[in-house]
Amino acid sequence: MFNYFQKSQRRRNILNKIKSNRIIINKFQSPLGIVPSKDAKPREGFDFELKEDELYSYRISVSANKIPYLFLKLIKLFPSYATMVIERISEDINRDFDIMMSDPDISKEEIKNIFKRYKELWVECGFVGFGIIDERTEFEVFINLDKEVIINTPYENVNNINSILGYFNLLNENPSFISDFEHWHYPLSSVVSYEAVSESEEYIFDYYDIINNLKHIYGFSIINRNERTIRIQPKWWNVTVKCLGKCKKISSVSSYYIVANTIEEMETLVDEKMKDMNIENYYIYDYYNVEPNNYNPRNLNLSDIRICDFENAPFGIWAESDIFIYRTRNIASYFVNKNYDLSF
């Protein structure tokens with residue numbers, strides 16, 4: 001299984017360089033995307049409590065270098081098929097987090113492969129959490145945004161879990177957690193940017209795009225879409241659309257700034273735009289509400305050059321950003337998202 005971040009020598013060099021600057025406190029390795037305060041004195045171990053519905057909960061403080069091995073050991077306790085869970089800091093102005101669940105029939109082996117392929121994202125990025133859940137028993141193992149390992153389990157798994165914790169010398173019941181003190185979260189791409197690499201290399205480490213690709217492959221859907229605090233009226237949208245040309249060999253990605261009052265209105269505007277461009281094969285890759293005065297004006301193409309104010313733009317597509325055109329070898333990858341209404 002190839003590792004996405006180890007794919008080229010350049011990526012490996014970047015990773016090795018930023019890992020060499022990792023914060024280590026008394027042999028406890030902090031994740032690259034978590035910066036603890038000077039008051040933090042992290043210590044490995046776990047908190048354990050009985051939750052409602054006879055579920056037991058573990059909160060585990062563990063050095064970053066051990067997290068991948070601990071997670072893979074715990075996965076062995078799951079049945080053959082389970083559901084992936086991803087939490088990320090949201091781009092939506094009205095939602096702090098996106099909590100996403102995959103299709104429920106992902107094989108355990110495939111989940112292990114996804115974890116290994118993007119290991120640095122799940123373990124090091126302070127803007128992302130990753131886990132697995134058996135929806136039948138509610139058994140869950142999750143690496144949260146603070147990079148603590150959270151386990152919710154029925155009692156039948158407790159002895160096996162304790163054995164695994166003992167294997168990693170984590171059976172200390174007096175842990176100290178980084179998150180109990182002031183600390184700061186950073187995405188992996190920001191950590192990379194400190195090394196003065198190019199924007200294209202930062203993009204390789206961008207959590208949002210990596211997760212969006214996984215979202216459409218494994219049927220991830222946002223389960224907390226309606227759980228938000230309305231800070232800005234949800235009518236200004238940033239929408240990214242992936243299109244496939246008629247020859248089935250050329251693909252393009254473009255982003256639109258849209259004024260619409262509902263998701264349905266936004267989708268209708270995109271569909272009309274695609275029809276005007278004679279594009280039959282497309283899907284909405286991502287969308288979220290934005291602050292209308294907070295956008296990058298570079299390479300922005302206004303639909304009507306007389307209306308240069310997004311906040312006061314009328315209903316419709318206000319502008320289009322860069323269009324990326326590239327060749328595609330795996331046409332099947334554009335048909336995988338069976339849960340999305342606009343998939344073709």
### Task
Enumerate the calculated ³J(HN,Hα) couplings along region 256-263 in order (Karplus 6.51 cos²θ - 1.76 cosθ + 1.60, θ = phi - 60°), each rounded to whole Hz, writing x wherever the residue is Gly or Pro.
10, 9, 10, 9, 7, 8, 9, 4
### Summary
Checking region 200-296 for GluC sites (Glu not before Pro) in a loop per DSSP with at most 13 other beta-carbon atoms within 10 Å yields Glu227, Glu280
### Message
If you take every residue apart from Asn293 with its C-beta less than 9 Å away from the C-beta of Asn293, what net charge results, scoring Lys and Arg +1 and Asp and Glu -1?
### Response
-3
## Note on the structure
For the Lys116, Asn26 Cβ pair and Förster radius 30 Å, calculated FRET efficiency rounded to 0.05 is 0.55
### Query
Which sequence of Leu15, Leu302, Leu50, Leu55 reflects their accessible areas, 1.4 Å probe, from the largest down?
Leu50, Leu302, Leu55, Leu15
### Query
Is there a pair in Lys41/Lys116; Lys27/Lys112; Lys17/Lys41; Lys27/Lys119; Lys66/Lys112; Lys66/Lys119 whose C-alpha atoms are over 18 Å apart, and which pairs would that be?
Lys41/Lys116; Lys27/Lys112; Lys17/Lys41; Lys27/Lys119
## Note on the structure
Sorted largest first, the Cα spans of region 141-292 on the principal axes come out in Å as 63, 41, 37
### Query
If you plug each phi of region 105-110 into the Karplus form 6.51 cos²θ - 1.76 cosθ + 1.60 with θ = phi - 60°, what whole-Hz ³J(HN,Hα) values come out, in order, with x for Gly and Pro?
10, 7, 5, 4, 5, 5
### HN-Hα J in Hz across region 83-94 - Karplus 6.51, -1.76, 1.60, θ = phi - 60°, x for Gly and Pro
10, 8, 10, 10, 10, 9, 5, 8, 7, 5, 4, 9
### Query
Who wins for biggest fluctuation among Lys51, Lys235, Lys119 in a Gaussian network model of the chain, springs between alpha carbons below 10 Å?
Lys51
### Query
Of all the C-alpha pairs in the chain, what % are more than 40 Å from each other?
18
### Query
When the helices in the chain are scored as -39500 (n - 2.57) per DSSP H run of 4 or longer and the sum is shared across all residues, what 222 nm value do you end up with, to the nearest 500 deg cm²/dmol?
-7000 deg cm²/dmol
#### Entry: Three principal axis lengths of region 16-102 [C-alpha, angstrom, descending]
39, 36, 27
### Task
Starting from the Cα gyration tensor of region 51-102, take the square roots of the eigenvalues, sort them a ≥ b ≥ c, and report rounded, prolate or oblate (rounded when a/c is under 1.5, otherwise prolate if a/b is larger than b/c, else oblate).
prolate
#### Entry: With DNA, RNA and ligands ignored, accessible area of Tyr155 (1.4 Å probe; Å², nearest 10)
130
### Message
If you take every residue apart from Gln29 with its C-beta less than 12 Å away from the C-beta of Gln29, what net charge results, scoring Lys and Arg +1 and Asp and Glu -1?
### Response
+3
### region 133-183-region 46-83 distance, computed between alpha-carbon centres (Å)
4
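The values are calculated or read from the model by the stated rules, or taken from the named source; none is laboratory data. Keep in mind it's a predicted model, so treat the numbers as computed, not measured. Cβ atoms come from the backbone with ideal geometry, glycine included; neighbour counts cover every protein chain shown. These area figures cover heavy atoms from the full protein model, side chains too; ligands, DNA and RNA do not enter into them. Shrake-Rupley method; radii C 1.70, N 1.55, O 1.52, S 1.80 Å.
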